[in-house]
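Chemist: Quick one: this structure, given as structure tokens, is what I'll be asking you about.
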Amino acid sequence: MEKEDIYILAVESSCDETAASVVRNGREVLSNVIYSQIDLHTLYGGVVPEIASRKHIEKINQVIEKALSDAGITLQQVTAVAVTYGPGLVGALLVGVSAAKAIAFAAGKPLVGVHHIEGHISANYIENKDLVPPFICLVVSGGHSHLVVVKDYGEYEIIGRTRDDAAGEAFDKVARAIGLGYPGGPKIDRVSREGNPDAVVFPRAKVDGSTYDFSFSGLKSAVLNYLNSCEMKGIEICQADVAASFQKAVIDVLVGHSMEAVSQYHLKKFAIAGGVASNSALRAAFEEACRKNGLEFYHPSPIYCTDNAAMIGVAGYYEYIKGTRHGWDLNAVPNLKLGERIS
């Protein structure tokens with residue numbers, strides 16, 4: 001007897017992307033609609049939470065309707081509704097959670113709350129049909145730098161995290177300092193291709209007593225000090241060289257910690273996820289490191305690295321088949337920890 005297809009309607013609104021998607025059986029994306037507010041927030045040099053929330057309210061229904069339309073299914077054909085409920089900006093999260101609850105309640109569908117970082121990790125399952133746990137995943141984005149042992153679907157052990165700035169946050173701050181503006185990640189990635197990554201030696205921080213933890217605050221300060229020093233001495237700053245040298249310092253730390261973890265945990269599969277995972281130099285460095293160490297390397301396409309609802313649909317599918325259900329009292333949890341369950 002053939003198993004019935006499971007269709008997950010997913011909603012994501014944790015930061016400045018309003019997104020909806022329909023995912024079939026956990027690995028097949030039927031639609032992936034993203035309304036990005038990036039142009040709006042660029043005017044302010046970063047995400048303004050209040051503006052993000054208002055924009056989500058404007059766009060959420062249109063995005064969900066388009067996701068269903070693109071997938072060629074009706075709401076009644078949906079098996080369950082999944083939604084990001086944390087971590088993220090509280091106002092932004094509330095818009096998605098409220099919309100998902102209303103739709104699930106009105107249509108009589110189960111509601112499944114999904115952890116945003118779990119979504120990023122799950123993005124790897126979309127195009128890598130052969131990828132199954134266990135593996136190690138590095139999640140690097142504007143708000144998160146996590147090194148995670150993925151023990152099973154929905155079962156995680158965080159072995160490393162940032163002690164201060166996340167990698168993406170450091171990219172944004174340095175980009176602003178060298179006059180590239182927001183968003184920093186893609187701009188530094190682009191400019192670095194023209195620079196010399198060995199022009200300036202910036203520090204590679206290690207956290208005492210925590211092998212896998214990250215710290216990027218000192219690196220960011222070192223870049224700012226270098227810029228101030230050049231200005232005081234009247235030395236011309238080469239934007240591309242500073243960008244390339246900073247990027248190399250970040251990549252060296254991310255790759256070094258990750259390879260150490262894979263070796264320590266005796267795993268042969270390694271994945272990256274999150275917005276910074278679309279950085280071309282980072283991907284190239286990991287491809288090389290994994291090849292040298294005889295590891296299988298997995299990464300999502302750039303569209304699935306930045307915030308999107310397809311990844312939430314995939315994570316939601318595995319939560320759904322595991323029996324996770326949330327009530328109509330589901331709330332936004334801005335500081336939700338990975339592995340934490342709010343029932």
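The values are calculated or read from the model by the stated rules, or taken from the named source; none is laboratory data. The model shown is predicted, which means the values in this text are computed figures rather than measured ones. Backbone-built Cβ (ideal geometry, glycine too); neighbour counts: all protein chains shown.
Chemist: If we keep just the residues of region 27-43 that are without any contact (Cβ under 8 Å) to a residue 60 or more places away in the chain and not in a strand (DSSP E or B), which is nearest to residue 180 (Cα to Cα)?
Modeler: 43
Chemist: Can you give me the number of residues within region 77-131 that are part of a helix (DSSP H, G or I) and farther than 26 Å from residue 298 by Cβ?
Modeler: Adding up the residues that qualify gives 19.
Chemist: Condition first: of a type in the set (S, T, N, Q) and touching a helix residue (DSSP H, G or I) at 6+ places or on another chain (Cβ under 8 Å). Now tell me which residues in region 44-63 satisfy that.
Modeler: 53, 61 - these are the residues of region 44-63 that are of a type in the set (S, T, N, Q) and touching a helix residue (DSSP H, G or I) at 6+ places or on another chain (Cβ under 8 Å).
Chemist: In region 190-221, what count of residues is obtained for those that are out of contact with any strand residue (DSSP E or B) (no Cβ under 8 Å at 6 or more places or on another chain), at negative phi and either surrounded by fewer than 19 Cβ atoms within 10 Å (Cβ to Cβ) or assigned to a loop (DSSP other than H, G, I, E, B) (or both)?
Modeler: 18
Chemist: Hey, among the residues in region 204-249 that are out of contact with any helix residue (DSSP H, G or I) (no Cβ under 6 Å at 6 or more places or on another chain) and among the basic types (Lys, Arg), which one's farthest from residue 162 (Cα to Cα)?
Modeler: 233
Chemist: Right, here's the next one. Hey, can you tell me all the residues within region 247-266 that are more than 21 Å from the chain's Cα centre (by Cα) and either in a helix (DSSP H, G or I) or surrounded by 24 or more Cβ atoms within 10 Å (Cβ to Cβ) (or both)?
Modeler: Matches in region 247-266: 260, 263, 264.
Chemist: As an exercise: evaluate residue 107 against (1) out of contact with any helix residue (DSSP H, G or I) (no Cβ under 7 Å at 6 or more places or on another chain); (2) among the small types (Gly, Ala, Ser); (3) not assigned by TED's automatic domain parsing to the domain that holds residue 279 and give the number of the one condition it does not meet.
Modeler: The single condition residue 107 does not satisfy is (1).
Chemist: Could you pull out the residue among 75, 131, 43, 68 that is more than 20 Å from the chain's Cα centre (by Cα), within 30 Å of residue 247 (Cα to Cα) and not aromatic (Phe, Trp, Tyr)?
Modeler: Selected residue: 43, the only one of 75, 131, 43, 68 that is more than 20 Å from the chain's Cα centre (by Cα), within 30 Å of residue 247 (Cα to Cα) and not aromatic (Phe, Trp, Tyr).
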